[in-house]
Amino acid sequence: MHAEGRRCFSAKAYTATAVMVRRTLEAVCVDQGMDGAASGRPKPLFKMLEEMRDQGKIDGRLFEWAHELRSLGNQGAHYSSRSVTREDAADGLALAEALLDYLYVLHAQFNTFKQRRQNAHARRTAHRVPSPGAPQDSADAGQQESSDPAVQNEA
(Lines give C-alpha, C1' and ligand atoms only; values in the text may rest on other atoms or scores of the structure.)
Protein backbone atom coordinates (compact mmCIF):
# COMPACT_ATOMS: atom_id res chain seq x y z
CA MET A 1 0.00 0.00 0.00
CA HIS A 2 2.74 2.42 0.94
CA ALA A 3 4.75 1.70 -2.21
CA GLU A 4 1.63 2.28 -4.29
CA GLY A 5 1.10 5.57 -2.47
CA ARG A 6 4.63 6.61 -3.46
CA ARG A 7 3.88 5.74 -7.08
CA CYS A 8 0.70 7.82 -6.93
CA PHE A 9 2.69 10.73 -5.54
CA SER A 10 5.29 10.40 -8.33
CA ALA A 11 2.44 10.54 -10.85
CA LYS A 12 1.14 13.72 -9.12
CA ALA A 13 -2.04 11.90 -8.14
CA TYR A 14 -2.24 13.47 -4.70
CA THR A 15 -5.81 12.43 -3.93
CA ALA A 16 -4.92 8.82 -4.74
CA THR A 17 -1.81 9.19 -2.56
CA ALA A 18 -4.01 10.17 0.39
CA VAL A 19 -6.25 7.15 -0.17
CA MET A 20 -3.21 4.86 -0.27
CA VAL A 21 -1.92 6.37 2.97
CA ARG A 22 -5.24 5.46 4.58
CA ARG A 23 -5.06 1.96 3.13
CA THR A 24 -1.55 1.67 4.56
CA LEU A 25 -2.97 2.44 8.00
CA GLU A 26 -5.68 -0.17 7.53
CA ALA A 27 -3.11 -2.77 6.44
CA VAL A 28 -0.97 -2.02 9.49
CA CYS A 29 -3.95 -2.39 11.81
CA VAL A 30 -4.91 -5.72 10.23
CA ASP A 31 -1.30 -6.91 10.42
CA GLN A 32 -1.23 -5.96 14.10
CA GLY A 33 -4.39 -8.02 14.72
CA MET A 34 -6.81 -5.13 15.22
CA ASP A 35 -9.25 -6.03 12.44
CA GLY A 36 -11.88 -7.79 14.52
CA ALA A 37 -11.40 -11.07 12.66
CA ALA A 38 -12.09 -12.99 15.86
CA SER A 39 -15.55 -11.45 16.12
CA GLY A 40 -16.23 -11.87 12.40
CA ARG A 41 -17.07 -8.17 12.02
CA PRO A 42 -14.58 -5.71 10.56
CA LYS A 43 -13.85 -2.67 12.71
CA PRO A 44 -13.77 0.91 11.49
CA LEU A 45 -10.25 2.26 11.10
CA PHE A 46 -10.68 4.72 13.96
CA LYS A 47 -11.56 1.86 16.33
CA MET A 48 -8.59 -0.19 15.16
CA LEU A 49 -6.26 2.76 15.79
CA GLU A 50 -7.77 3.27 19.25
CA GLU A 51 -7.17 -0.40 20.00
CA MET A 52 -3.54 -0.12 18.90
CA ARG A 53 -3.13 2.82 21.27
CA ASP A 54 -4.94 1.05 24.11
CA GLN A 55 -2.73 -2.05 23.69
CA GLY A 56 0.42 0.10 23.75
CA LYS A 57 1.44 -0.65 20.17
CA ILE A 58 1.44 3.10 19.47
CA ASP A 59 1.64 5.95 21.94
CA GLY A 60 -0.57 9.03 22.11
CA ARG A 61 1.54 11.02 19.65
CA LEU A 62 1.55 8.26 17.04
CA PHE A 63 -2.18 7.80 17.56
CA GLU A 64 -2.63 11.51 16.82
CA TRP A 65 -0.54 11.16 13.66
CA ALA A 66 -2.50 8.11 12.55
CA HIS A 67 -5.80 9.87 13.23
CA GLU A 68 -4.74 12.81 11.05
CA LEU A 69 -3.58 10.43 8.32
CA ARG A 70 -6.96 8.67 8.51
CA SER A 71 -8.64 12.04 8.12
CA LEU A 72 -6.44 12.88 5.11
CA GLY A 73 -7.35 9.52 3.60
CA ASN A 74 -11.03 10.24 4.13
CA GLN A 75 -10.58 13.57 2.37
CA GLY A 76 -9.13 11.69 -0.59
CA ALA A 77 -11.70 8.90 -0.56
CA HIS A 78 -14.84 11.02 -0.29
CA TYR A 79 -15.89 13.73 -2.68
CA SER A 80 -15.57 17.30 -1.46
CA SER A 81 -14.60 20.65 -2.88
CA ARG A 82 -11.28 20.44 -1.00
CA SER A 83 -8.58 18.71 -2.99
CA VAL A 84 -5.56 17.02 -1.47
CA THR A 85 -2.54 19.26 -1.89
CA ARG A 86 0.91 18.13 -2.89
CA GLU A 87 2.20 19.15 0.55
CA ASP A 88 -0.49 17.16 2.38
CA ALA A 89 0.20 14.11 0.23
CA ALA A 90 3.97 14.40 0.85
CA ASP A 91 3.46 14.82 4.60
CA GLY A 92 1.00 11.92 4.63
CA LEU A 93 3.54 9.63 3.01
CA ALA A 94 6.33 10.78 5.34
CA LEU A 95 4.23 10.33 8.49
CA ALA A 96 2.94 6.95 7.34
CA GLU A 97 6.52 5.87 6.70
CA ALA A 98 7.54 7.07 10.17
CA LEU A 99 4.72 5.00 11.65
CA LEU A 100 5.87 1.96 9.64
CA ASP A 101 9.47 2.52 10.73
CA TYR A 102 8.41 2.73 14.37
CA LEU A 103 6.24 -0.39 14.28
CA TYR A 104 8.40 -2.61 12.12
CA VAL A 105 11.96 -1.34 11.84
CA LEU A 106 12.71 0.41 15.13
CA HIS A 107 10.71 -2.05 17.21
CA ALA A 108 12.68 -4.98 15.76
CA GLN A 109 15.97 -3.09 16.08
CA PHE A 110 15.26 -2.30 19.74
CA ASN A 111 14.34 -5.91 20.49
CA THR A 112 17.60 -7.09 18.89
CA PHE A 113 19.56 -4.49 20.87
CA LYS A 114 17.86 -5.47 24.13
CA GLN A 115 18.38 -9.21 23.52
CA ARG A 116 22.05 -8.69 22.66
CA ARG A 117 22.61 -6.76 25.90
CA GLN A 118 20.76 -9.38 27.95
CA ASN A 119 22.83 -12.15 26.38
CA ALA A 120 26.08 -10.27 27.04
CA HIS A 121 25.06 -9.70 30.66
CA ALA A 122 24.17 -13.37 31.07
CA ARG A 123 27.54 -14.42 29.61
CA ARG A 124 29.42 -12.05 31.94
CA THR A 125 27.45 -13.29 34.95
CA ALA A 126 27.89 -16.97 34.03
CA HIS A 127 31.66 -16.65 33.47
CA ARG A 128 32.46 -14.49 36.48
CA VAL A 129 34.57 -16.30 39.03
CA PRO A 130 34.45 -14.57 42.40
CA SER A 131 37.80 -13.85 44.04
CA PRO A 132 38.41 -15.31 47.49
CA GLY A 133 36.66 -13.23 50.14
CA ALA A 134 34.58 -11.35 47.54
CA PRO A 135 30.83 -11.07 48.13
CA GLN A 136 28.73 -13.60 46.21
CA ASP A 137 26.25 -11.05 44.87
CA SER A 138 25.65 -7.31 44.87
CA ALA A 139 23.26 -7.51 47.85
CA ASP A 140 26.06 -9.05 49.96
CA ALA A 141 28.49 -6.31 48.88
CA GLY A 142 26.59 -3.61 50.74
CA GLN A 143 26.37 -5.71 53.89
CA GLN A 144 30.07 -6.46 54.34
CA GLU A 145 32.02 -4.33 56.76
CA SER A 146 34.97 -2.36 55.49
CA SER A 147 38.28 -2.45 57.32
CA ASP A 148 38.92 1.15 56.27
CA PRO A 149 38.07 3.45 59.24
CA ALA A 150 37.07 6.29 56.86
CA VAL A 151 34.47 4.08 55.22
CA GLN A 152 33.18 2.90 58.62
CA ASN A 153 32.75 6.51 59.74
CA GLU A 154 30.72 7.32 56.61
CA ALA A 155 28.37 4.44 57.29
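The values are calculated or read from the model by the stated rules, or taken from the named source; none is laboratory data. This is a predicted model, so every value here is computed, not measured. Reconstructed Cβ throughout: ideal geometry from the backbone, glycine too, with neighbour counts over all protein chains shown. Areas reflect the complete protein model, heavy atoms only, side chains present, ligands, DNA and RNA absent. Shrake-Rupley method; radii C 1.70, N 1.55, O 1.52, S 1.80 Å.
Which value, in Å² and to the nearest 10, is the accessible area of Tyr102 when all protein chains are kept and the probe is 1.4 Å?
90 Å²
Using 0.36 nm times the number of residues separating Arg7 and His67, minus their current alpha carbon distance, what extension gain do you get?
Contour length minus the Cα-Cα distance gives 19.3 nm.
Using a 1.4 angstrom probe on heavy atoms only, work out the carbon and sulfur share of the accessible area of the range 5-94 in %.
49 percent
Quote the accessible area belonging to Glu68 in square angstrom, nearest 10, computed with a 1.4 Å probe and with ligands, DNA and RNA left uncounted.
For Glu68, solvent-accessible area is about 110 Å².
Cα gyration tensor of the range 1-108, axes a ≥ b ≥ c as square roots of the eigenvalues: rounded (a/c below 1.5), prolate (a/b > b/c) or oblate?
Prolate, because a/c is 1.5 or more and a/b exceeds b/c.
Leaving ligands, DNA and RNA out of it, work out the accessible area of Leu99 with a 1.4 Å probe and give it in Å² to the nearest 10.
Surface accessible to solvent at Leu99 totals approximately 10 Å².
Tell me, what HN-Hα J-couplings in whole Hz come from the Karplus equation 6.51 cos²θ - 1.76 cosθ + 1.60 at θ = phi - 60° for each residue of the range 61-78, using x for Gly and Pro?
The phi angles translate into 5, 5, 4, 4, 4, 4, 4, 5, 5, 4, 4, 4, x, 5, 4, x, 7, 10 Hz.
Report the net charge of residues surrounding Leu106, where surrounding means a beta-carbon distance below 13 angstrom and charges are Lys +1, Arg +1, Asp -1, Glu -1.
Net charge in that neighbourhood comes out at -1.
List, in order, the whole-Hz ³J(HN,Hα) value for each residue of the range 89-106 obtained from phi through the Karplus relation with A = 6.51, B = -1.76, C = 1.60 and θ = phi - 60°; use x for Gly and Pro.
With coefficients 6.51, -1.76 and 1.60, one gets 5, 5, 5, x, 5, 5, 5, 5, 5, 4, 5, 4, 4, 4, 6, 10, 8, 5 Hz.
Sorting check: for 17-24, 119-126, which peptide has the highest mean count of neighbouring beta carbons within 10 Å, and how do the rest follow?
In descending order of packing, they fall as 17-24, 119-126.
How much length is gained if the chain between Ser83 and Asn111 is pulled fully straight, taking 0.36 nm per residue apart and subtracting their Cα-Cα distance, in nm to one decimal?
6.0 nm
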